[in-house]
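Visitor: Submitted below is the structure of interest, expressed as structure tokens.
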């Protein structure tokens, strides 16, 4: 019985040890990884780039894995003079990947080391390329066309900047970026990496000249605003003058029409009066005399007339009629 237990226990120990050895002898690499096998901290054999299950010597060999996917590099903005001595702040970014894990490990060891080396390489290449290029080549593409209306919408305005923007572009930003990429690609193979692309994220004037540029922009915008205000005032005066002229014409036409209507009304009234009073001349004379009394014998009016004046004949007639 004891012998059987000892055999079973021994088999179990052998199984566990075998499982441990098996686990220590294998490693897996997925599709986004590549690996280097180390023995006593020194790489042995070729890098493992194929995904799947792989073998190594247990306990004396270990594995270090590296990512196959793209890494991003973002440089710090640099103040660089262009060929025309305009100082600009240029911010660049790039993407890279590991293509030779062994060379990568031996040269930079890890991604942080690669980023530090890329700082030196890309900053130097960008500085060299920008310093031999004009500002207009950096901020514009060769096939970029714009109208005068587009110029007014530019963030950078002013006569000096317009002269820059109107210069002929022989290369353009795209070709400059391509040249930077080609030069940098010549310097990175020893690092075991591949530089996929590089981009200029932002181009600005340096802080020392930004205030001057902004002041010029403000002055230019104020000049444009004053021009618009002046044109607006001139247009307002034109509209006001035209309005006054139209009002004068309307008033003149209205007065003329009113006079015509009034004349026609007076003529019609005269005709009606003539027809009405023509039938009884005596009544007409009486009516007109009463109107004269009403107009002349008002308040604070004194008339000195003879008692037998013809002006009072109707009053005499009324007086005789009432006495009778």
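Read-outs throughout are calculated quantities, based only on the coordinates presented, and are distinct from any laboratory measurement. In this text, all values refer to a predicted model and were calculated from it rather than measured experimentally. Every residue, glycine as well, gets a Cβ built from its backbone with ideal geometry; the counts of neighbours run over all protein chains shown.
Visitor: Specify whether the C-alpha gyration tensor of the range 2-66 places it in the rounded, prolate or oblate class, a ≥ b ≥ c being the square roots of the eigenvalues: rounded for a/c under 1.5, otherwise prolate if a/b is larger than b/c and oblate if not.
Guide: Because a/c hits 1.5 or more and a/b exceeds b/c, the range 2-66 counts as prolate.
Visitor: Which of 252, 133, 89 has the fewest other C-beta atoms within 10 Å, and how do the rest follow up to the most?
Guide: 252, 89, 133
Visitor: Rounded to the nearest 0.05, what FRET efficiency do residue 269 and residue 227 have when you use their Cβ-Cβ distance and R0 = 56 Å?
Guide: Once rounded, the FRET efficiency stands at 0.35.
Visitor: Could I ask something else about it? Taking the beta-carbon count within 10 Å as an exposure proxy, list 186, 65 from fewest neighbours to most.
Guide: Fewest-to-most Cβ neighbours within 10 Å comes out as 186, 65.
Visitor: Which length gain, in nm to one decimal place, applies between residue 246 and residue 262 when the Cα-Cα distance is subtracted from 0.36 nm times their residue separation?
Guide: 3.4 nm
Visitor: Using a Förster radius of 56 Å, what is the FRET efficiency between residue 132 and residue 50 based on their Cβ-Cβ separation? Nearest 0.05, please.
Guide: Here the calculated transfer efficiency is 0.80.
Visitor: In terms of the Cα gyration tensor, with a ≥ b ≥ c the square roots of its eigenvalues, is the range 1-128 rounded because a/c is under 1.5, prolate because a/b exceeds b/c, or oblate?
Guide: Here the range 1-128 falls in the prolate category.
Visitor: In nm, give the distance between the simple-model label positions of residue 204 and residue 116, each being 7 Å from the Cα along the Cα-to-Cβ direction.
Guide: Taking the simple label geometry, residue 204 and residue 116 are separated by 2.8 nm.
Visitor: Multiplying the sequence separation of residue 9 and residue 194 by 0.36 nm and subtracting their Cα-Cα distance, what value in nm do you get?
Guide: 61.1 nm
Visitor: Once R0 is set to 45 Å, what does the formula 1/(1 + (r/R0)^6) return for the Cβ-Cβ distance between residue 214 and residue 109, expressed as a FRET efficiency to the nearest 0.05?
Guide: 0.50
Visitor: Can you tell me the order of 170-182, 256-268, 40-52 when each peptide is scored by its average per-residue count of other Cβ atoms within 10 angstrom, highest first?
Guide: 170-182, 40-52, 256-268
Visitor: Quick one: if you stick a label point 7 Å off each Cα along the C-beta vector at residue 255 and residue 17, how many nm between them?
Guide: About 13.1 nm, to one decimal.
Visitor: Please arrange 9, 38 by how many other C-beta atoms lie within 10 Å of their C-beta, fewest to most.
Guide: If I rank by nearby Cβ atoms, fewest first, I get 9, 38.
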